Amino acid sequence: MAVIAVLVGLAVLAAFAVLHWYVWRRLVRDTTAGPGPARRAGTVLFVAAPLLMFGALVAERSGAPFLLQQVLAWPGFLWLALALYLLLAVLVGELARPLVRRWAERGERTPSVEAGSEAALSEEPAQVPAPEPAPSRRLFVSRVVGGAAAAAAVGTVGYGTYGVLRGPKVKRVTVPLAKLARGAHGYRIAVVSDIHLGPILGRGFTQRVVDTINATQPDLIAVVGDLVDGSVEDLGPAAAPLAGLRARHGAYFVTGNHEYFSGAEQWVDHVRELGLRPLRNARTELPWFDLAGVDDVAGEDEGKGPDFTRALGDRDRSRASVLLAHQPVVIHDAVEHGVDLQLSGHTHGGQLWPGNLVADLANPTLAGLERYGDTQLYVTRGAGAWGPPVRVGAPSDITVVELAARGA
């Protein structure tokens, strides 16, 4: 197994190197007339940036000093996103290259027919300008296509970064529940997931999330996992504004897979100190429905994964039930245990297009509301971002789920 893992890793690195070489060739080598400062600077960028990217990934997962993580995170993770869109833009540029070449050739043609006729009547034969050498034309085409590709990639990543740092927008969804008592009609649950506090998103981002949630005046707040990417020691101050969450029936928390990379037990204790109530394979009976929560499936490696029997096994099924579970993949367990509504996150909606195509294959629902038998599943795209602080085609959100009683 270890040998296979090493071979797969080497194959991935080789593919990564080849793709970087291809983008370097199109954007650096083909757009420069020869060796010089511009080519050297571009080459340094295409060597140093991937090293920073791998450094950022390793530093985060290995628990390196937090200051080192912060130093590496911005350039390293931004390059991860930028490299993706540079590659996509260059591939699109290959389709545009023949059109730009024809346009360049048209500009090199001889002067108009009228000018040529006047020259024919003169005593001296007209001097027809010699066409520019092919290498100059190739250089022009490469600069036009490469410049457009670079501008498109930088613009895409820049706008996607702005969207994350600006903070999530509020999305509102009405979910009818057949068993919901009429007294709970219009009950509002603010659902937030995947905040991903870490070396990039810190205390200021948390405060924006808290302010956005409180402005919706929810009846209940559900934090459905992946709150952090780091230890309580490093990120405790960043999470502190969560103590300001306000809702009539309080704020609840369930673990996500990233909590298990970051010290889940310590974080569960810490969010409890901040005023959130962890639901660890447990439930609470609210006046009009049961609210349950299960640990994330990543906890199974520590013997603390989801336990649906413990959370839901002995409840009164005539009452409506809402389940908090980080990953949508547990929806089939929720159906088996008669859950009316499952609230999840985890997918980020794909975060970076075309990553949504892969995420859609790995999850029963990528984002939004879908029905599975008698159970409905709502998946939020999440408030933050993992890795690159960039979202493209998957805007961040905090969702206010408004419950509706049938016949109310």
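The values are calculated or read from the model by the stated rules, or taken from the named source; none is laboratory data. Just so it is clear, the model here is predicted, and its values are computed rather than measured. Here Cβ is always computed from backbone atoms with ideal geometry, including for glycine, and neighbour counts include all displayed protein chains.
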Qualifying helices (runs of 4 or more DSSP H) (wholly inside the stretch 292-408; at least 1 residues being crowded, with 24+ Cβ neighbours inside 10 Å and within 26 Å of the chain's Cα centre (by Cα)): 331-336
Give just the number: which of (1) under 13 Å from Pro168 (Cβ atoms); (2) surrounded by 18 or more Cβ atoms within 10 Å (Cβ to Cβ) does Asp219 not satisfy? (1)
Of all residues making up the stretch 290-324, the number that are in contact with a strand residue (DSSP E or B) (Cβ under 6 Å, 6 or more places away or on another chain) and among the hydrophobic types (A, V, I, L, M, F, W, C): 8
Go through (1) farther than 16 Å from Ala222 by Cβ; (2) in contact with a helix residue (DSSP H, G or I) (Cβ under 6 Å, 6 or more places away or on another chain); (3) not in a helix (DSSP H, G or I) one by one and return the number of the condition Gly275 breaks. (1)
Answer residue from the stretch 149-167, given it is of a type outside the set (A, V, I, L, M, F, W, C) and closer than 16 Å to His348 by Cα and is farthest from the chain's Cα centre (by Cα) among those: Gly167
For Ala240, only one of the following conditions fails: (1) part of a helix (DSSP H, G or I); (2) of a type in the set (A, V, I, L, M); (3) under 22 Å from Leu343 (Cα atoms). What is its number? (3)
Checking Val339 against (1) touching a Ser or Thr at 6+ places or on another chain (Cβ under 6 Å); (2) closer than 18 Å to Asp226 by Cβ, the condition it does not meet: (2)
How many residues are in contact with a Leu (Cβ under 7 Å, 6 or more places away or on another chain) and of a type in the set (Lys, Arg) if we restrict to the stretch 270-292? 1
State whether one or more residues within the stretch 46-58 are among the hydrophobic types (A, V, I, L, M, F, W, C), farther than 30 Å from His196 by Cα, touching a residue at least 24 places away in the same chain (Cβ under 8 Å) and crowded, with 21+ Cβ neighbours inside 10 Å. no
So which residues in the stretch 207-252 are more than 30 Å from Glu285 (Cβ to Cβ), among the small types (Gly, Ala, Ser) and out of contact with any strand residue (DSSP E or B) (no Cβ under 8 Å at 6 or more places or on another chain)? Ser231, Gly236, Ala240
From the set of residues in the stretch 1-31 that are among the β-branched types (Val, Ile, Thr) and free of Cβ contacts under 8 Å to residues at least 40 places away in the same chain, which is surrounded by the most Cβ atoms within 10 Å (Cβ to Cβ)? Val28
Which numbered condition trips up Phe261, out of (1) within 17 Å of Pro328 (Cα to Cα); (2) surrounded by fewer than 20 Cβ atoms within 10 Å (Cβ to Cβ); (3) among the hydrophobic types (A, V, I, L, M, F, W, C)? (1)
Check off (1) more than 28 Å from the chain's Cα centre (by Cα); (2) modelled with pLDDT of 90 or more; (3) within 30 Å of Gly230 (Cβ to Cβ) for Ala48 and give me the number that stays unchecked. (1)
The lone condition Ala292 fails out of (1) closer than 19 Å to Ala383 by Cβ; (2) in contact (Cβ under 8 Å) with a residue 40 or more places away in the chain; (3) out of contact with any Pro (no Cβ under 9 Å at 6 or more places or on another chain) is (1)
